[in-house]
1. Can you pull out the residues in the range 139-167 that are in contact with a strand residue (DSSP E or B) (Cβ under 9 Å, 6 or more places away or on another chain) and open to solvent by less than 20 Å² (accessible area, probe 1.4 Å)?
2. Which condition number does Thr120 fail, the rest of (1) of a type in the set (Ser, Thr, Tyr); (2) exposed (fewer than 13 other Cβ atoms within 10 Å of the Cβ); (3) at pLDDT 95 or above being met?
3. State whether the residues of the range 37-50 include one that is modelled with pLDDT under 50 and part of a helix (DSSP H, G or I).
4. Of the conditions (1) crowded, with 21+ Cβ neighbours inside 10 Å; (2) at positive phi, Arg113 satisfies every one except a single condition; which number is it?
5. Residues in the range 149-167 that are of a type outside the set (Lys, Arg), in contact (Cβ under 8 Å) with a residue 24 or more places away in the chain and touching a helix residue (DSSP H, G or I) at 6+ places or on another chain (Cβ under 9 Å): how many?
6. Given the conditions (1) modelled with pLDDT under 95; (2) open to solvent by less than 70 Å² (accessible area, probe 1.4 Å); (3) under 28 Å from Glu135 (Cβ atoms); (4) assigned to a loop (DSSP other than H, G, I, E, B), and given that Cys58 satisfies all but one, which numbered condition is not satisfied?
7. Please go through the range 61-100 and pick out each residue that is open to solvent by 60 Å² or more (accessible area, probe 1.4 Å), in contact with a Cys (Cβ under 9 Å, 6 or more places away or on another chain) and not charged (D, E, K, R).
Amino acid sequence: MTNGRSCIRMVFTLLLLLPFISGFGPLQTSGAFAHDTHLRMGSDPRDRIFGRGAIPNCNDPRVLRRITSKFSWADRNTWSKIENRNQTIGIQDIRHIKQRYRLDQTKSMISHRHCNGRATLSNGKHPKVYYMIQERMGFASLSWKVQFCVSGYDRWRVYGANCRSLR
């Protein structure tokens, strides 16, 4: 047990020291790790390891997949049980996607993109979907994160009335 803990500690220590060992060069990603983090480092000096990361576009398939899977999980594990429904509601498609605006680090410490689109739900309805893609808010601040709200389906008003805080 002690050997296992010390091995884990050593791995985490190496991961934390990796930027210092490499001289703060651009973060190189490869394989399965690269597809999730979606970091593209360019020639901009701010694009160093503790600087800006790339924010996926509004219509990036990974963003849309994450929205649909999180919505399905939430309905399956909360609302279908609370409302005693046998059938869950899921997002089948998101169309008419538009970027509303983007805030870069000049106005915010965390660059993010605000987007919206129209979802096609499995119950036949077509509500608006509002979402925000944030840089460096994923695992260990290396990847991006998406927060979303489906109009009419934010029952606890997490994002305010009619998804106001994500508009």
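The values are calculated or read from the model by the stated rules, or taken from the named source; none is laboratory data. Here the structure is a predicted model, which means the values were calculated and not measured. Every residue, glycine among them, receives a Cβ derived from its backbone with ideal geometry; neighbour counts consider all protein chains shown. The area values use the complete protein model at the heavy-atom level, side chains included, leaving out ligands, DNA and RNA. Shrake-Rupley method; radii C 1.70, N 1.55, O 1.52, S 1.80 Å.
1. Correct list: Trp144, Val146, Cys149, Val150, Cys163, Leu166.
2. Failing condition for Thr120: (2).
3. Checked against the condition, which is being modelled with pLDDT under 50 and part of a helix (DSSP H, G or I), the range 37-50 yields at least one hit.
4. Against the list (1) crowded, with 21+ Cβ neighbours inside 10 Å; (2) at positive phi, Arg113 comes up short only on (2).
5. Of the residues in the range 149-167, the ones of a type outside the set (Lys, Arg) are 149-154, 156, 158-163, 165-166.
Pick out the ones that are also in contact (Cβ under 8 Å) with a residue 24 or more places away in the chain and you get 150-153, 159, 163, 166.
Remaining after also requiring touching a helix residue (DSSP H, G or I) at 6+ places or on another chain (Cβ under 9 Å): 150-153, 159.
Looking only at that region, the number is 5.
6. Evaluating Cys58 over (1) modelled with pLDDT under 95; (2) open to solvent by less than 70 Å² (accessible area, probe 1.4 Å); (3) under 28 Å from Glu135 (Cβ atoms); (4) assigned to a loop (DSSP other than H, G, I, E, B) leaves (1) as the failure.
7. Gln99
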